[in-house]
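Report on the following structure.
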Amino acid sequence: MDQKKVGAFMKGLRKEKGITQETLAEILGVTGRTISRWETGSNMPDLDILIQIADYYEVEIREILDGERKSEKMNKELEETVLKVADYSNEEKMRLTKKLHVFSWIGVMSFVIFLILESMGLADSGYTEIIASFCLGLAFGIMMVTVIYTSRYISKFQSFKRRLLKKCS
C-alpha cells in the first residue's frame, strides 16, 4: 500500500466535497493536524475511522486503500467482515482502557496513602514505614506499567513476554 497515494486520494476526495481539513476533522472527531498527516501520507487512519471516511465520501474502503477509484463494487460480505473487525478492535481498546483506568486509580490511591503517611511523619519508622514504602513503590510501578501500555512499544513488550513464557513452559 502506497501511503502517499492513499493520502493524495483522500485529499482529492475532500477537495471534491469542497470542505476544509478542519471541517473534515470536526466530522470525524479528530484534529486538523491528523487530517493533514493522512493526506500527506505520513500516517493512516484507524480502521473504524477509515470506515467513517468511506461512508462520508461514498467510496469503498478498498478504493481508499488502493488510492484510486475502482469501477467494481466491494463484496458485501467482505465489508461486513471489515466492520466486525473494526467493532472487535474498538471493544478491545475499550476493555484495555477500562483496565488501565482502574489500575491508574489504584496507583493514585497508593500515592495518596504514601503522602498522608509522609505528611503525618509516620513514614519513618515501624510498620507505617513499610506501608508507606510499599504504597510509593506500588504507585511508581503502576505508573511505569501505564506508560508502557500507552506507548507504541507495548506490542514489542508483549511479544517479548510471550517468548519468555514459551521458554519457561
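Only one of the numbered conditions (1) touching a helix residue (DSSP H, G or I) at 6+ places or on another chain (Cβ under 7 Å); (2) under 30 Å from VAL145 (Cα atoms) is violated by ARG37, and that is (1).
Being at pLDDT 85 or above, open to solvent by less than 70 Å² (accessible area, probe 1.4 Å) and in contact with a Ser or Thr (Cβ under 8 Å, 6 or more places away or on another chain) holds for only one residue in LEU100, LEU50, and it is LEU100. Look at (1) polar (S, T, N, Q); (2) touching a residue at least 40 places away in the same chain (Cβ under 8 Å); (3) over 30 Å from ASP55 (Cβ atoms) and you find that THR128 fails only one, number (2). Go through the residues of the stretch 100-118 one by one and say whether even a single one is without any contact (Cβ under 8 Å) to a residue 40 or more places away in the chain, under 17 Å from THR150 (Cα atoms) and among the aromatic types (Phe, Trp, Tyr). Yes, some residue in the stretch 100-118 is without any contact (Cβ under 8 Å) to a residue 40 or more places away in the chain, under 17 Å from THR150 (Cα atoms) and among the aromatic types (Phe, Trp, Tyr).
Would you pick out the residues in the stretch 122-146 that are open to solvent by 80 Å² or more (accessible area, probe 1.4 Å) and among the hydrophobic types (A, V, I, L, M, F, W, C)?
ILE130, ILE131, PHE134, PHE140, MET143, MET144, listed by residue number.
The values are calculated or read from the model by the stated rules, or taken from the named source; none is laboratory data. If you're wondering where the values come from, they're calculated on a predicted model, not measured in any experiment. FYI the Cβ positions are ideal-geometry reconstructions off the backbone, even for glycines, and counts take in every protein chain you see. Side chains are part of the model used for accessible areas, which takes the heavy atoms of the whole protein and leaves out ligands, DNA and RNA. Shrake-Rupley method; radii C 1.70, N 1.55, O 1.52, S 1.80 Å.
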